[in-house]
1. First compute the accessible area of the chain with a 1.4 Å probe, then give the percent of it belonging to carbon and sulfur atoms.
2. Could you order the peptides 190-202, 39-51, 126-138, 152-164 from most to least packed, using the average number of other C-beta atoms within 10 Å per residue?
3. Residue 98 to residue 69: FRET efficiency via 1/(1 + (r/R0)^6), r the Cβ-Cβ distance, R0 30 Å, to the nearest 0.05?
4. As an exercise, take the mean of 1/r over every pair of distinct alpha carbons in segment 85-178, invert it, and state the Kirkwood radius in angstroms.
5. Mind jotting down the three principal axis lengths of the chain based on Cα atoms? Whole angstrom, largest first.
6. Using a Förster distance of 41 angstrom, determine the FRET efficiency expected from the C-beta separation of residue 34 and residue 211, and round it to 0.05.
7. Take residue 45 and residue 161, extend 7 Å from each Cα along the Cα→Cβ direction, and tell me the distance between the two endpoints in nm.
8. How large is the accessible surface per residue of segment 12-135, computed with a 1.4 Å probe and reported in Å² as a whole number?
Amino acid sequence: MIVAADLAPALAPFLDPVAIGLVAGGTVLACALRTEARDFGRACVAPFQLIRPSFSADPLLEQIAALARIAQRHGVLALDKSVIADPDMAAAIAAIVDGQSAQAVGALVEHRRRARIERHLAVVDMWAGMADVAPAMGMVGTLVGLVKMFASVTDPSAIGAAMAIALLATLYGALIANLVALPVATRLRRRARAEAFERTRLVAPLVALATREAPRRRDAAAA
């Protein structure tokens with residue numbers, strides 16, 4: 001509490017609500033206009049995912065092995081009652097239950113993996129775009145402050161506030177770009193690459209399960 005009380009007077013000159021509104025509001029508005037609504041919504045919640053552990057395919061691989069044992073004992077139709085949290089793997093298991101070929105299952109898993117990559121990249125692009133827009137919005141705030149300063153040249157008491165807007169807007173744009181948007185975009189890109197690599201490990205066991213169950217489905221249908 002004492003530290004916060006000591007910092008408040010020191011930080012007060014660097015806080016200007018008008019400059020914050022111009023830069024932060026303009027940056028968010030510009031990114032919202034250039035991004036689809038679904039991607040913008042995902043981008044807004046994406047930073048909270050950075051505090052979670054990185055994606056690992058190991059639990060899903062263990063679940064695939066368990067599902068393979070269930071199918072071997074009770075038949076592939078028993079997998080239809082399984083609870084699978086991961087939507088990509090759930091779609092692959094549903095395709096196996098429906099009797100899709102191993103090639104079709106492999107193509108489905110790869111397609112969903114690539115679709116997930118594209119969604120992640122759209123989120124990364126939004127944050128990277130914010131890093132590009134924020135300095136420009138800072139310059140806009142600077143121009144607004146200069147216009148206000150020249151308009152108040154006959155009122156010396158208003159020149160200081162206008163100059164503060166002009167200078168702080170540039171500062172806010174640089175801080176938002178380099179301390180918020182760019183680090184978030186970099187970390188999201190790194191995490192998306194890691195998840196895409198981990199999900200390649202799911203293709204082979206799912207294809208193997210589909211390959212093993214396809215002849216059994218044909219034999220059961222013939223019987």
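The values are calculated or read from the model by the stated rules, or taken from the named source; none is laboratory data. Keep in mind that this is a model prediction, so the values were computed, not measured. Positions of Cβ are generated from backbone atoms using ideal geometry, with glycine treated the same way; all protein chains shown enter the neighbour counts. Just the protein is used for accessible areas: all its heavy atoms, side chains included, with ligands, DNA and RNA removed. Shrake-Rupley method; radii C 1.70, N 1.55, O 1.52, S 1.80 Å.
1. On the way: 8630 of 13090 Å².
The computed percentage sits at 66.
2. Numbers: 190-202: 16.0, 39-51: 14.3, 126-138: 21.0, 152-164: 12.7.
In descending order of packing, they fall as 126-138, 190-202, 39-51, 152-164.
3. Working: r = 20 Å, r/R0 = 0.68.
The calculated FRET efficiency here is 0.90.
4. Working: mean 1/r = 0.0580 Å⁻¹.
Hydrodynamic radius (Kirkwood, Cα only) of segment 85-178 equals 17.2 Å.
5. Over the chain, Cα extents along the principal axes are 97, 40, 24 Å.
6. Efficiency, from the Cβ-Cβ distance: 0.35.
7. 4.1 nm
8. Working: 7050 Å² over 124 residues.
Ligands and nucleic acids excluded, the result is 57 Å² per residue.
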